[in-house]
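In what follows, a single structure is set out as structure tokens and then discussed.
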Amino acid sequence: MRPGAESVLPKPTDGGQPLDQYVTRKRLIELSGVSKTYRRRNRQRINALAGLDLRIAAGSTVAFVGPNGAGKSTLFGVLAGLIRPDRGRTLVHGVAPVAYVCSRGVGMLPDRVRLPDRLTVRETLVRLAILDGCSGDAIPRSVDRVLDLAGLGDRAGDRCVGLSHGLRQRVGIAQLLLRPREVLLLDEPLSGLDPVWRARFRELFEQLRRESSGRTLLLSSHELGETARLTERVVVIDAGRVIDDFPTRGDSEALERRVLSALQWARDR
Amino acid sequence: MSSIAALFPRLLRDKLPRSIAATGLVLLLTSPLLRFGESGFADGYMAQGVPGAASTANLVGLLLALTAPWLAEGVVSGVRRSGSGPLLLTRPISRPGFYFARWLAGFVCLAGVAIVVSAIINLVWRANGGAGPGLSLAGSIGAGLVIWLWVGSIVLLLSAVLERGEALAGALLVAIPVALTASLPTTDPLAAAARILPVRQMLGAARALLAGDVPVQSTLVTTGGWSLAILGVGLFVASRRDWQAVD
């Protein structure tokens, strides 16, 4: 977090609860000093995460915003146990992410949904339902339900190889809904969705939030208007660090001003 | 673990097309060589009382060894290639267990290939008036098991450590010495160098084990033990690797 943020930007407590609410409630996700460096083939090093510190309480809806390459997808990969940080400590429900995922699973919507080309949409979802622990009649019931929710009923028999980006995104959303999860990681969830399905996604998101007060929804997005509408807290990330962290008030213009101001401050440093 | 077990029939179905292709490949390559099947090999290995059995077993073993990398290569890198890792690996499953199930499905299919090839070779051999090459059903399964344990474990490890193209290259690196070991006369220096891969010894051990020849079991146990150790390392590495999609 940049020093003296309050003197430059609107106060974090502006019009709402103080930020301390996030650290006084039961902590669900905690990252301290988390760093991750990628090494390219030409030996160039890229610091995707550079000593990131963050605490997220159970039941929060948090948006991560920042420029391309800021480290948002790497952060989600770390939380999903798909990427191991080089340094630092990450705890999800008090345990390492891999242990948490292997015991309870997390809902993950990657920034680019990739599916097995030769399988149909239904078969893909059936396999994921099996891995989620569904068995017997529960498998077709769950799959039919999420196909219906994602509007994919008439595409269930299509092979994934022929699906457009938007349809793949909807398959990605469908697989999130197969089983209830306490932690959902949505990386650019609106990417590729048409206006109708953006609206539908907002409804689903609100539904997920209402279903369980303990459910934590983390999303990354470049769309600040949607972010202001969907989440209660915004974390601005740049160059693998948290540079601002504040509650949203549903005002997309104020949010945009603050995010841009924070990014400008980071660039000027 | 139960969810992975429930997925297993589908994993078998995934491997079936490759297995069928592998069977065709084995038959295609074996059929002309079988005419010389009774000549044996220069190192004198020959199953007692069954002329031609050793060479047939070696031929089938060789060709299984060639097809094993093909089947094993996709255990880890197949998940990366499909790009479905973030969806699969965020489920509440054991990651080593998931990769092991994929590996095991490959073995079951390879054993199936071995049985089919063996049955067809036997039929053809007998139809031509021969006494049969002597590679029994149990021998076929044994051959499939030992080949898969050794080659499949190495390829899984390579596939876990390396990326797609490199895994294929690694698989070929395994397959070529195996082919040399099994096919060239042992007086050849290349074959002698390649003998560090104990495929023929393992085949012999498997056959002797099935025949109740206890002393040879140690070879199988030693090589099998090494194979299992390599498999364990491969599963460990695969489950700890950072997720990275391969385009």
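The values are calculated or read from the model by the stated rules, or taken from the named source; none is laboratory data. Note that the structure is a prediction, hence the values are computed from the model and not measured. With ideal geometry, Cβ positions are generated from the backbone for all residues, glycine too; neighbour counts draw on all protein chains shown. The accessibility values were calculated without ligands, DNA or RNA, using every heavy atom of the protein model including side chains. Shrake-Rupley method; radii C 1.70, N 1.55, O 1.52, S 1.80 Å.
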- Every listed condition ((1) of a type outside the set (Phe, Trp, Tyr); (2) farther than 25 Å from residue A:78 by Cβ; (3) modelled with pLDDT under 85; (4) part of a helix (DSSP H, G or I)) holds for residue B:108 save (3)
- Across the stretch A:123-166, the tally of residues that are among the small types (Gly, Ala, Ser) and open to solvent by 20 Å² or more (accessible area, probe 1.4 Å) stands at 9
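Conditions (1) at pLDDT 90 or above; (2) outside any loop (DSSP other than H, G, I, E, B); (3) open to solvent by less than 40 Å² (accessible area, probe 1.4 Å), marked per residue:
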| position | (1), (2), (3) |
| --- | --- |
| A:202 | no, yes, no |
| A:206 | no, yes, no |
| A:217 | yes, yes, yes |
| A:226 | no, yes, yes |
| A:229 | no, yes, no |
| A:246 | no, yes, yes |
| A:249 | no, no, no |
- Note on the structure: Exactly one of A:61, A:90 is within 14 Å of chain B (Cβ to nearest Cβ), of a type in the set (Ser, Thr, Tyr) and open to solvent by less than 50 Å² (accessible area, probe 1.4 Å), and that one is A:90
- Item | Hey, residue A:169 under 17 Å from residue A:80 (Cβ atoms) and in a helix (DSSP H, G or I) or not | no
- Item | Options A:70, A:99, A:129; residue that is in contact with a Phe, Trp or Tyr (Cβ under 9 Å, 6 or more places away or on another chain) and either in a loop (DSSP other than H, G, I, E, B) or within 14 Å of another protein chain (Cβ to nearest Cβ) (or both) | A:70
- Item | Matching option when the condition is within 17 Å of residue B:82 (Cα to Cα), in a loop (DSSP other than H, G, I, E, B) and more than 8 Å from chain B (Cβ to nearest Cβ), among A:179, A:122, A:118 | A:118
